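This report concerns only the one structure given below.
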Amino acid sequence: MKTFILVFFVLFLLLLVNVCLMAQVTVQNNGIAFTSATGVFYIKGALNNASGASFTNNGSVYISGDVTNDQSSMSAGAGT
């Protein structure tokens, strides 16, 4: 019986950790984000690009949520 309770408790903790990890749905870019020509960047949630950050997309970017771009200047073609 103690083994069953221990196994149940461990499975419950693993489930709890999994639910907590799934709660993270926003990516915050405060530095440099770069997607190469063959790269794929997938975000299941939102993307926040800070004012001092740099985001360059030369590959494929998929974002299922909202995009907030506070980057002060973005060169032409960098976001396509």
Inset, instruction - Please arrange Phe34, Phe55 by accessible surface area, largest first, computed with a 1.4 Å probe and ligands excluded. - result: Phe34, Phe55
Inset, instruction - Could you order Thr3, Thr38, Thr68 so the one with the most accessible surface comes first? Probe is 1.4 Å. - result: Thr38, Thr3, Thr68
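The values are calculated or read from the model by the stated rules, or taken from the named source; none is laboratory data. Worth saying up front: this structure is predicted, and the values here are computed from it rather than measured. In case anyone asks, the SASA skips ligands and DNA or RNA and just uses the protein heavy atoms, side chains included. Shrake-Rupley method; radii C 1.70, N 1.55, O 1.52, S 1.80 Å.
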